[in-house]
Amino acid sequence: MKSSEVNVLYEQAIEIRVEFPVSILCEYNGPSDLDVTWDDNIMYLIDDSLSKAGAYIKNRALETYPLPGKNDEIQSYQLTLIIKPPGLDLYWYCRRLNQGEFSKRIVY
């Protein structure tokens with residue numbers, strides 16, 4: 001696993017995207033319950049992990065866009081975070097997702 005830490009000398013904003021293929025998200029509870037899978041599970045784990053890591057979520061946006069050349073879409077969670085020194089480990093969400101029932105095909 002590559003190191004994916006953001007180190008800062010002072011409090012500052014960073015922007016990240018956490019993206020998942022919609023087809024993978026639908027494998028958990030089916031396409032009709034995608035909102036439940038996302039809102040109550042995946043997004044909750046991401047937000048909770050950020051909070052526990054000491055990051056503040058300033059802005060967030062969720063967008064879905066087509067995956068070129070594939071019959072799939074990407075669910076993209078875009079976050080503006082305020083982080084303090086020494087920084088933030090960006091693999092927090094992978095560890096949390098893998099600890100739970102959401103470990104299908106997570107790529108690092």
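The values are calculated or read from the model by the stated rules, or taken from the named source; none is laboratory data. On a predicted model such as this, the values are computed, not experimentally measured, just so you know. All Cβ positions, glycine included, derive from the backbone under ideal geometry; neighbour counts span all protein chains shown.
Laid out as a table, the results:
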| read-out | value |
| --- | --- |
| Segment 1-56, residues that are in a loop (DSSP other than H, G, I, E, B) and touching a residue at least 40 places away in the same chain (Cβ under 8 Å) | 1, 2, 4, 8, 9, 10, 11 |
| Selection count, segment 57-86, where residues are in a strand (DSSP E or B) and free of Cβ contacts under 8 Å to residues at least 40 places away in the same chain | 8 |
| Considering residues of segment 1-40 that are more than 30 Å from residue 87 (Cα to Cα) and of a type in the set (Ser, Thr, Tyr) only, the residue modelled with the lowest pLDDT | 28 |
| Looking only at segment 78-108, and only at residues there that are at pLDDT below 95, hydroxyl-bearing (Ser, Thr, Tyr) and surrounded by 12 or more Cβ atoms within 10 Å (Cβ to Cβ), the one that is farthest from residue 10 (Cα to Cα) | 93 |
| Selection from segment 39-72 of residues that are buried (at least 17 other Cβ atoms within 10 Å of the Cβ) and of a type outside the set (A, V, I, L, M, F, W, C) | 41, 49 |
| Output for segment 1-30, where each listed residue is within 22 Å of residue 66 (Cβ to Cβ), surrounded by fewer than 12 Cβ atoms within 10 Å (Cβ to Cβ) and out of contact with any strand residue (DSSP E or B) (no Cβ under 8 Å at 6 or more places or on another chain) | 30 |
